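Taking it in order: structure first as structure tokens, then the write-up.
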Amino acid sequence: MKGFREFLTRGNLLELAVAVIIGTAFTAVVTAIVKDLITPLIGAIWKQQNFSSLTFTVHGSKFLYGDFINAALSFLIIAAVVYYLIVAPMAKITARFQKAVEVTTRDCPECLSAIPLAATRCKYCTVEVAPIVG
């Protein structure tokens, strides 16, 4: 029981739980915006009162393509928000603080194995290579 309690109270698990709760609430807000604001605007353009209730029927099967368009718009909006508010800024921050990695190896021209820059002979195929003087 102690191990299970430690698992539940670990920082990563709690952060994940908070993220899921916030993500669910955010999804509900975006879905409401799409359903209550964006879909009626699209419906007004196509002269439909309720765009989300658009359907067609094939052999007695009812297809709710208006509802599908609502879900697709919600997905696109959530994906755009996540990308532009989380992914892109984090990529810039990571790139800014990441140190340039000093190159210490090069490829052997014969066998393409990684060898030190100062090597004069490949340790894998023993071909002579010119040392790179930095």
Only one of (1) without any contact (Cβ under 8 Å) to a residue 40 or more places away in the chain; (2) part of a helix (DSSP H, G or I) does not apply to Val34, and that is (1)
Of the residues in the stretch 44-65, those that are without any contact (Cβ under 8 Å) to a residue 12 or more places away in the chain, of a type in the set (Gly, Ala, Ser) and closer than 21 Å to Leu76 by Cβ number 1
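I'd like the residue in the stretch 4-33 that is under 23 Å from Ala80 (Cα atoms) and of a type in the set (Ser, Thr, Tyr) and, out of all such residues, is modelled with the highest pLDDT.
Within the stretch 4-33, the subset under 23 Å from Ala80 (Cα atoms) is 15-33.
The next check asks that each one be of a type in the set (Ser, Thr, Tyr); those that pass are 24, 27, 31.
On the way: Thr24: 91, Thr27: 88, Thr31: 84.
If we take residues in the stretch 4-33 being under 23 Å from Ala80 (Cα atoms) and of a type in the set (Ser, Thr, Tyr), then Thr24 is modelled with the highest pLDDT.
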Over the stretch 86-129, the set of residues open to solvent by less than 50 Å² (accessible area, probe 1.4 Å) and either without any contact (Cβ under 8 Å) to a residue 12 or more places away in the chain or assigned to a strand (DSSP E or B) (or both) is Ala88, Pro89, Arg106, Ile115
Log entry, pairs with first residue in the stretch 10-23 being open to solvent by 60 Å² or more (accessible area, probe 1.4 Å), second being assigned to a helix (DSSP H, G or I), beta carbons closer than 9 Å, six or more apart or on different chains, reads Leu14/Leu8
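Answer yes or no: is there a residue in the stretch 46-68 that is charged (D, E, K, R), at pLDDT below 80 and assigned to a loop (DSSP other than H, G, I, E, B).
If we filter the stretch 46-68 for residues that are charged (D, E, K, R), which is where we start, we get 47, 62, 67.
Going one step further and asking which of them are at pLDDT below 80, we end up with 47.
Going one step further and asking which of them are assigned to a loop (DSSP other than H, G, I, E, B), we end up with 47.
The answer is yes, given that some residue of the stretch 46-68 is charged (D, E, K, R), at pLDDT below 80 and assigned to a loop (DSSP other than H, G, I, E, B).
The values are calculated or read from the model by the stated rules, or taken from the named source; none is laboratory data. Quantities reported herein were computed from a predicted structural model and do not represent experimental measurements. Neighbour counts run over all protein chains shown; Cβ positions are idealised from the backbone, glycine included. Just the protein is used for accessible areas: all its heavy atoms, side chains included, with ligands, DNA and RNA removed. Shrake-Rupley method; radii C 1.70, N 1.55, O 1.52, S 1.80 Å.
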